[in-house]
1. May I ask you to derive the FRET efficiency for residue 180 and residue 83 from their Cβ-Cβ distance with R0 = 35 Å, giving the value to the nearest 0.05?
2. Give the aspartates and glutamates reachable from residue 171 as a straight Cα distance under 13 Å; neighbours fewer than 8 places away on the same chain don't count.
3. Can you work out ³J(HN,Hα) from phi for every residue in the stretch 116-122, in order, using Karplus 6.51 cos²θ - 1.76 cosθ + 1.60 and θ = phi - 60°, giving whole Hz and x for Gly and Pro?
4. Using r as the Cβ-Cβ distance of residue 172 and residue 123, and R0 as 35 Å, what FRET efficiency do you calculate, to the nearest 0.05?
5. Name the residue from 162, 114, 138 whose Cα lies farthest towards the positive end of the charge dipole of the stretch 104-177, charges +1 on Cβ of Lys and Arg and -1 on Cβ of Asp and Glu.
6. How would you classify the stretch 87-216 from its alpha-carbon gyration tensor, with a ≥ b ≥ c the square roots of the eigenvalues: rounded for a/c under 1.5, else prolate if a/b is greater than b/c, otherwise oblate?
7. For a Förster distance of 45 Å, can you work out the FRET efficiency between the beta-carbons of residue 208 and residue 94, rounded to the nearest 0.05?
8. What list of ³J(HN,Hα) values in whole Hz, one per residue of the stretch 202-217 in order, does the Karplus curve 6.51 cos²θ - 1.76 cosθ + 1.60 (θ = phi - 60°) give from phi, with Gly and Pro shown as x?
Amino acid sequence: MPAVIKWWSHFICCTNEVMTTRNATNPQKRTRLSPEARRDQILDATKQLIVRHGLEAFSIKKLAIEAEVSEPLLFHYFSSRTALLQQLLARDFSRLVASLNTSLDGADTIDEVLRVYVAMNYDQYLEESVINLLLGEPDIAVVIEDEVSQNREMREKMLVSTIATSLDVSKKKAAMLALMASSASLSAARFAHKYKVEREEAIQAAIDFARAGFEAHRTK
């Protein structure tokens, strides 16, 4: 073999070995995320950990493993465990309100409005309802305290107005009926989750119960 060809073959062989070694010791880097996307990724990982292991077992160390990031990076985005959980609650509550408003915008009859509220009450008792868990922690819930209060007041006014108009009753009576229907709906949701009643069956039963009560008070 001519010397130049022999030298070239040796060069190619060595180059391939070097590239193989580099690829083995330097795996392809993870796709760089924007700050907003990284924040959401961390919050999503937090939510999954809480669903699987509960709020008390949640820690920054476990989150770093779950999200595949370093602890210093977590503290770059969130100053503390409490701040992280507050931002998760604020984000998911905002999404819940947006979804609820969209559903109510498409509800034209009292039955449709009832379904939206009863379904919301049912879903808040789901085991994976992290919002419900976080709202039970005063130091975390304080971050959306005013928003929760304002949203509740707005929803109550809408439901009372819908009942009053549909049944042709006073606002005072409509408020009483709304409170009774809401209490019955929450009790039905707790029962359904405890005894594993199917979601649609439980929701429809609560709607039928509330509707029967409404009809009994309809102005003749």
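Where a number appears in this text, it was derived from the coordinates with a stated rule and is not lab data. Quick caveat, the model's predicted, so the values are computed rather than measured. Cβ atoms come from the backbone with ideal geometry, glycine included; neighbour counts cover every protein chain shown.
1. Values: r = 39 Å, r/R0 = 1.12.
E between residue 180 and residue 83, to the nearest 0.05, is 0.35.
2. 156
3. Once θ is set to phi - 60°, the couplings for the stretch 116-122 become 4, 6, 5, 4, 5, 4, 5 Hz.
4. Details: r = 30 Å, r/R0 = 0.85.
Efficiency for this residue pair is about 0.75.
5. Among 162, 114, 138, the one farthest towards the positive end of the dipole of the stretch 104-177 is 162.
6. On the way: a/c = 1.96, a/b = 1.34, b/c = 1.46.
It is oblate, given that a/c is not under 1.5 and a/b is not larger than b/c.
7. Numbers: r = 32 Å, r/R0 = 0.71.
For residue 208 and residue 94, the calculated efficiency is 0.90.
8. Values per residue, Gly and Pro as x: 5, 5, 5, 4, 5, 5, 4, 5, 5, 5, 5, x, 4, 4, 5, 10 Hz.
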